[in-house]
Structure formats: structure tokens, C-alpha cells
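Asker: The structure under discussion is supplied below as C-alpha cells; questions concerning it will follow.
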Amino acid sequence: MQLNITVLPGDGIGPEVTSEALRVLNAVAGKFEHQVRVNQKLIGGSAVVRTGNPLPDDTVQTCLSSNAVLLGAVGDPSFDRLPVDLRPERGLLRLRQALGAFANLRPATCFAPLLQSSPLREEIIRGTDILIVRELLGGLYFGEPRSTSGSAPNRSAIDTMHYREPDIERIATVAFKLAQARSRRVTSVDKANVLDCSRLWRDVVTRIGKHYPDIELHHMYVDSAAMALVSRPSQFDVLLTENMFGDILSDQAGAVVGSIGILPSASLGGPVGLYEPVHGSAPDIAGKGTANPIGAILSIAMMFRHSFELEEEAVTVESAVLAVLNKGYRTEDISTVGRFPIQCAEMGRRIAESISHAEIRTGQLT
Ligand code: NAD
């Protein structure tokens with residue numbers, strides 16, 4: 001198969017982790033005899049520096065004419081003072097919008113070899129296998145009006161949370177369908193005791209849920225969900241959320257399973273899928289070579305599965321990650337006392353070698 005991929009390394013650790021993800025992509029392509037064509041483009045702070053725009057038109061056009069997009073991360077504190085529409089994060093939001101990517105899938109799986117990397121006790125996290133299905137194009141991140149007015153010390157600011165029924169219907173449908181291939185449980189997260197948007201969310205999700213009698217549906221307030229995520233994470237199967245709640249809960253889920261550095265994501269719904277690790281640009285470790293590339297690498301597995309429907313290739317990537325973790329290799333974020341951590345590039349190389357040397361067999365992820 002010919003795989004035309006746009007790569008947007010972005011800022012901070014983005015270039016470090018995407019380059020390891022590409023190494024793994026090429027190893028899989030070599031093993032299964034696919035041809036990869038990569039087009040690298042600008043986004044985020046690096047695009048602001050070079051073009052004055054966090055999402056140049058050329059980037060959008062190239063993404064739309066490819067089969068899939070791999071993104072690293074955007075953002076850097078040095079851009080914090082720019083007007084909001086010029087900030088790196090705005091480039092990412094606009095890209096998600098341009099790609100029509102309304103469904104953000106964020107799996108958070110507790111890998112057996114990483115049981116000790118979690119800050120939580122083993123018996124709490126064992127068996128945790130959550131799929132967060134986050135609505136990506138609505139809510140507070142896109143609602144209008146949005147502004148800051150006045151001058152210090154009397155400024156005021158407005159953000160708008162806005163959801164329309166069809167926005168909720170389509171993401172709920174994605175969650176129920178995905179649950180059918182898993183443990184058939186959906187927990188829908190809202191704040192229906194306070195927010196109108198959440199009451200609408202709960203109503204619509206309940207209505208859609210009636211079309212899926214084989215799925216057990218629970219509703220949970222977001223504060224309660226945050227608590228349950230650390231006290232009983234293995235109770236969750238599919239966690240359905242609006243945009244901001246999903247953003248927050250998925251970072252928390254990352255810590256639960258060991259590190260945000262291992263969480264991948266797929267943003268689907270439009271003509272071209274967008275794949276990116278859940279983490280941000282991590283300016284605190286950028287350039288040190290210590291970033292964990294596993295989130296970006298597992299995003300490649302999601303790309304094979306969702307954009308190319310190449311399940312064996314997807315499982316090959318996941319099995320290679322597990323094989324390397326099983327051998328005891330750890331980056332700093334998931335390292336435990338007494339282990340000497342390896343660098344980002346070595347982790348990527350070991351996972352790619354594991355694929356090329358055919359030493360892994362496809363199998364269970366956990
Ligand atoms: P972050 O995810 O970048 O970092 C949070 C913490 O996790 C940091 O301590 C970081 O060192 C650590 N971390 C993150 N990824 C890691 C990895 N792969 N390996 C090891 N450790 C890792 O979140 P933040 O610090 O809140 O945000 C930093 C910047 O990233 C901000 O500009 C923010 O707006 C941006 N951001 C971008 C995205 C994205 O591009 N999708 C997502 C979140 C935040």
C-alpha cells in the first residue's frame with residue numbers, strides 16, 4: 001500500500017517524538033512492504049516564527065491531500081503573550097476543525113510491565129483499559145463569544161460553552177459503536193447538576209443509548225469521575241466526554257497508567273485522520289532527549305488501524321512496544337528506582353529494531 005503521510009513535528013518535544021514514531025512507521029512499512037511518502041510541514045510556534053501564522057494554508061492543504069497526519073505537539077511559553085489567534089495552540093484547534101476531526105479517541109491502558117510506574121498501588125490500576133472518547137470540535141474551546149475586555153486590575157473575560165444536539169449525537173454514536181467491540185460499557189461524563197450544556201448532553205446521550213440496548217450506560221458528574229479515575233480506574237470501559245472534560249481527564253488517566261508520555265490518540269470524523277500523542281510540548285524537558293516517544297509510536301498503531309485498516313500492522317507496533325517494555329527498557333518518566341533510564345531515541349530504535357528483526361509476535365497488548 002502507498003501511505004501518504006503529513007508530519008507536523010511542531011514544538012518542544014514534538015520533533016523528538018515524531019522522529020521516533022517515523023522510525024517505527026518505516027520499520028513496519030519495511031516489514032509489510034508498504035511504501036511511505038512523508039511530507040513535513042509547519043504548525044504551532046515553529047510556524048509562527050517562520051511564517052507568522054500558527055497554521056499556514058500550505059499545511060492545511062498538504063494535510064487534506066494526504067491519507068493521514070502525524071502531529072507531535074505545539075506550544076511554548078515564549079508565545080504566551082501573543083494575541084490568542086496567533087498562539088501555537090490556536091493552530092492545532094484550527095487544524096482539528098479543518099480536518100473535521102470531531103471524535104478524539106484516547107486509549108489509556110495499564111501495561112503489565114508498567115504496573116510499578118504508576119503513582120497508584122498495583123491492585124488499583126491492574127486491568128485498567130479505558131477508551132476516552134472526547135468530543136473535539138465543540139464546547140469551551142470553540143464557543144463564541146470569547147474575549148477579554150477592560151484593563152488591569154478590572155479586566156473581565158468570557159468563554160462560551162456551546163453544544164448543539166447533532167454534535168452530541170455524533171460523538172455519542174461513536175462511543176456506543178466502539179463500546180460494542182469492547183466490554184460494552186459507556187460512562188458519560190457531564191456536570192448536569194450545574195450546566196445547561198451538560199443537561200442537554202445527558203438527555204441526548206440517553207436517547208442515543210436507547211439504540212444500543214446491548215451497551216450498559218452510566219452517567220457520572222465530572223468531579224465524581226475524576227475521583228473514580230484514581231480510586232477505581234479499572235471500572236471504566238468507554239468514557240464519553242465533552243471537549244474540556246476529556247482534555248483534563250485524559251491527562252489524569254495518563255498519570256494513572258504510568259505517564260502521559262505513553263498515551264496515543266486518534267482524531268477522526270473527517271476525510272483525513274489526525275494522530276498525535278496526548279501530551280503537550282513539555283518545554284521543561286525539550287531538547288534533553290529524555291521524552292518518552294511511546295505515545296507518538298502508539299499513535300502510529302492507531303493510524304494503521306483507523307486510517308489504513310491494517311490491523312496486523314497496528315498490533316505489530318503495539319506488540320513491539322510491549323516487548324521492549326517487557327525487556328525492562330524505560331524512559332525517565334516511567335523509570336522506577338534502581339533502573340537506568342534510556343533516551344527517547346534509544347527507545348524508538350529498540351522498538352523499531354524489535355519490529356525489523358521479527359522478534360515479536362502479534363499478541364495481547366497488556
Ligand atoms: P505537557 O503535556 O507538555 O507536560 C506536562 C508534564 O508531562 C511535564 O512535566 C512534561 O515534562 C511531562 N511530559 C509530557 N510529555 C512527556 C513525554 N512524552 N515524556 C516524558 N514526560 C512528558 O503539558 P503542559 O506542561 O501543561 O503544556 C506545555 C505546552 O504544551 C503548553 O504550551 C500547552 O499549551 C501545550 N500543549 C499542547 C498540546 C498538544 O499539542 N496537543 C497538548 C497539551 C498541552
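Asker: With θ taken as phi - 60° and the coefficients 6.51, -1.76 and 1.60, list the Karplus ³J(HN,Hα) couplings across the stretch 15-26 in order, rounded to whole Hz; mark glycine and proline as x.
Answerer: With the stated coefficients, the stretch 15-26 comes to x, 5, 6, 5, 5, 6, 5, 5, 4, 5, 4, 5 Hz.
Asker: Provide Rg and Dmax in Å for the stretch 40-108, with only Cα atoms included in the calculation.
Answerer: 12.2, 36
Asker: For the chain, modelled as a Gaussian network with Cα springs under 10 Å, which listed residue fluctuates most, ILE43, ILE334, ILE285?
Answerer: Largest GNM mean-square fluctuation: ILE285.
Asker: Right, another one. Using amide H atoms built 1.01 Å from N in the peptide plane, name the residues 5+ places from ASN39, or on other chains, whose amide H lies under 5 Å from its own.
Answerer: Here the answer is ILE5, THR6, VAL7, since their amide H atoms fall under 5 Å of that of ASN39.
Asker: Report the percentage of all Cα-Cα pairs in the stretch 123-220 whose separation exceeds 20 Å, rounded to a whole percent. Could you put the intermediate results ahead of the total?
Answerer: Numbers: 2279 of 4753 pairs.
For the stretch 123-220, the share of Cα pairs beyond 20 Å comes to 48 percent.
Asker: Let me have the 222 nm mean residue ellipticity of the chain computed from DSSP H runs of 4+ only, each contributing -39500 (n - 2.57), with the sum over all residues rounded to the nearest 500.
Answerer: On the way: 12 runs with 145 residues, N = 366.
Taking each H run of at least 4 residues, the total per residue is -12500 deg cm²/dmol.
Asker: So which trypsin sites (Lys or Arg not before Pro) in the stretch 198-231 are both in a DSSP loop and have at most 13 other Cβ atoms within 10 Å of their Cβ? Show your work: numbers first, answer last.
Answerer: Numbers: sites: ARG199, ARG202, ARG207, LYS210; in loops: LYS210.
Answer by residue number: LYS210.
Asker: Starting from the stretch 259-366, pick out the trypsin sites (Lys or Arg not before Pro) whose DSSP state is loop and whose Cβ has at most 12 other Cβ atoms within 10 Å.
Answerer: Numbers: sites: LYS288, ARG305, LYS327, ARG330, ARG339, ARG349, ARG350, ARG361; in loops: LYS288, LYS327, ARG330, ARG339, ARG361.
Filter output for the stretch 259-366: LYS327, ARG361.
Asker: Considering only the chain, what is the antiparallel percent among its DSSP beta bridges, to the nearest 5?
Answerer: Antiparallel bridges: around 35 percent, rounded to the nearest 5.
Asker: So, one more: Calculate log10 I(q)/I(0) of the stretch 227-366 for q = 0.09 Å⁻¹, where I(q) comes from the Debye formula with a single equal point scatterer on each Cα and nothing for solvent.
Answerer: -0.29
Asker: Hey, fewest Cβ within 10 Å first, where do SER335, SER156 land in order?
Answerer: Working: SER335 17, SER156 8.
Fewest to most other Cβ atoms nearby, the residues stand as SER156, SER335.
Asker: Another one. List the residues, sorted by chain then number, that are 5 or more residues from ASP190 or on another chain and whose placed amide H is less than 5 Å from its amide H.
Answerer: Amide H neighbours of ASP190, under 5 Å, 5+ apart: MET220, TYR221, VAL222.
Asker: Just to check I understand the Karplus step: with θ = phi - 60° and J = 6.51 cos²θ - 1.76 cosθ + 1.60, what whole-Hz values come out for the stretch 165-172, glycine and proline as x?
Answerer: 3, x, 5, 6, 4, 5, 6, 5
Asker: Here's a follow-up. Quote the relative contact order of the chain in percent (integer), defining contacts as alpha-carbon pairs under 8 Å separated by 6+ residues. Working shown, then result.
Answerer: On the way: 832 pairs, mean separation 82.1, N = 366.
It comes to 22 percent, rounded to a whole number.
Asker: Still on this structure, I have one more. Quick one: Cα centre-to-centre distance for the stretch 136-176 and the stretch 33-64, in angstrom?
Answerer: 26
Asker: A further question follows. Given axes a ≥ b ≥ c from the Cα gyration tensor, I'd like to know whether the stretch 144-192 is rounded (a/c under 1.5), prolate (a/b larger than b/c) or oblate. Intermediate values should be presented prior to the final figure.
Answerer: Working: a/c = 4.97, a/b = 3.15, b/c = 1.58.
Prolate, because a/c is 1.5 or more and a/b exceeds b/c.
Asker: Once fully extended, how much extra length lies between GLU169 and LYS210, figured as 0.36 nm per residue of separation less the alpha-carbon to alpha-carbon distance? Numbers along the way, then the final one.
Answerer: Working: separation 41, 0.36 × 41 = 14.76 nm, distance 1.21 nm.
Extra length available between GLU169 and LYS210 comes to 13.6 nm.
Asker: Let me ask another. Can you compute the radius of gyration and Dmax for the stretch 280-358, using only the Cα atoms, both in Å?
Answerer: So, for the stretch 280-358, Rg and Dmax equal 13.3, 41 Å respectively.
Asker: Let me ask something else. Mind checking the log10 I(q)/I(0) for the chain at q = 0.12 Å⁻¹? Debye, one equal scatterer per Cα, no solvent, two decimals.
Answerer: Debye intensities relative to I(0), on a log10 scale: -0.90.
Asker: Only sites in a loop by DSSP and with at most 16 other Cβ atoms within 10 Å count here; which trypsin sites (Lys or Arg not before Pro) in the stretch 1-90 make the cut?
Answerer: Numbers: sites: ARG23, LYS31, ARG37, LYS41, ARG50, ARG81, ARG90; in loops: LYS41, ARG81.
Passing sites in the stretch 1-90 are ARG81.
Asker: Sort all Cα-Cα distances of the stretch 1-120 into consecutive 10 angstrom bins from zero, then give the percent of pairs in each bin up to the one containing the longest distance.
Answerer: Histogram of Cα-Cα distances, whole percents per bin: 13, 36, 32, 17, 3.
Asker: First measure r as the distance between the Cβ atoms of VAL84 and PHE340, then evaluate 1/(1 + (r/R0)^6) with R0 = 41 Å and state the FRET efficiency to the nearest 0.05. Intermediate values should be presented prior to the final figure.
Answerer: Details: r = 43 Å, r/R0 = 1.05.
Using R0 = 41 Å, I get an efficiency of 0.45.
Asker: Compute the Rg/Rh shape ratio of the stretch 183-298: radius of gyration over Kirkwood radius, all on alpha-carbon atoms.
Answerer: Working: Rg = 16.1 Å, Rh = 15.9 Å.
Ratio of gyration radius to Kirkwood radius: 1.02.
Laboratory data are not the source of any read-out in this text; all were calculated from the coordinates shown. Computed from a predicted model, the values in this text were never measured in an experiment. Here Cβ is always computed from backbone atoms with ideal geometry, including for glycine, and neighbour counts include all displayed protein chains.
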